[in-house]
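Below: one structure, written as structure tokens.
The values are calculated or read from the model by the stated rules, or taken from the named source; none is laboratory data. These figures come from a predicted structure and were not determined experimentally. Glycine gets a Cβ as well: all are built from the backbone with ideal geometry, and neighbour counts include every protein chain shown.
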Amino acid sequence: MKRCYAAVMVAAVSLIVLVTGTPAVVGQDITDIAELIEDPAAYAGSIIIVEGELVGDYGFRRTGFMWTQLNQDSYAASPIAAGGLLSGSNRGIGIRMESELAEGLGEPGGYRHRGPIVRVTGIWKYHDPERQGESYLDVLGLVPVEGDLPLSDRISWVAVAIGVVLLLGAGGLTVVYRRARDEV
């Protein structure tokens, strides 16, 4: 029901914006955050759709808005703590949304927790003069794609075995060293 409501709201806002003439709608495709970061001025004032993991912290403000980070990188699909490989840097943008949109999203992502994956539609604010030049996505609508996911580190038995061998070797060397020292 929430997804349907969010989709209807996004469509309604998009229609109103189209009729009034501002801001421009870039398209219905999901915008790649790497492209957005590469040329943020090209998207200034446009309505865009991005998808990614909510990470870091939810910063609720008295004004009724919440700020957070939305990352769009390989770690959302394959977190390192779940066996994923290192595959580049984190890529993300700041987002600002009404606090009600955050209800029921789950915990934001961190080292041992993958945050919720969401699809958000919003206006890209590039060097917003009302926010001291901050660049961020002002969210109009949000659709949850996947819930948050607790992660746990897996034990590497190879690393444990190597550690035990090294400890035994160090202990053996200590015994040999002390015997050699005592004989002199």
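Below are the figures for this structure:
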| quantity | calculated |
| --- | --- |
| Criterion violated by GLY27 - all others in (1) modelled with pLDDT of 70 or more; (2) not in a helix (DSSP H, G or I) satisfied | (1) |
| Residue satisfying condition, being part of a helix (DSSP H, G or I) and modelled with pLDDT of 95 or more, within set ALA7, ALA12, ALA34, ALA41 | ALA41 |
| Single residue of VAL139, VAL160 found to be surrounded by 10 or more Cβ atoms within 10 Å (Cβ to Cβ) and either in contact with a Pro (Cβ under 9 Å, 6 or more places away or on another chain) or in the same structural domain as GLN28 (by TED's automatic domain parsing) (or both) | VAL139 |
| Residue check, TYR126 out of contact with any helix residue (DSSP H, G or I) (no Cβ under 9 Å at 6 or more places or on another chain), touching a residue at least 24 places away in the same chain (Cβ under 8 Å) and of a type in the set (Phe, Trp, Tyr) | no |
| Evaluation of ALA180 against (1) modelled with pLDDT under 90; (2) assigned by TED's automatic domain parsing to the domain that holds TRP67; (3) not charged (D, E, K, R) (one fails), failing number | (2) |
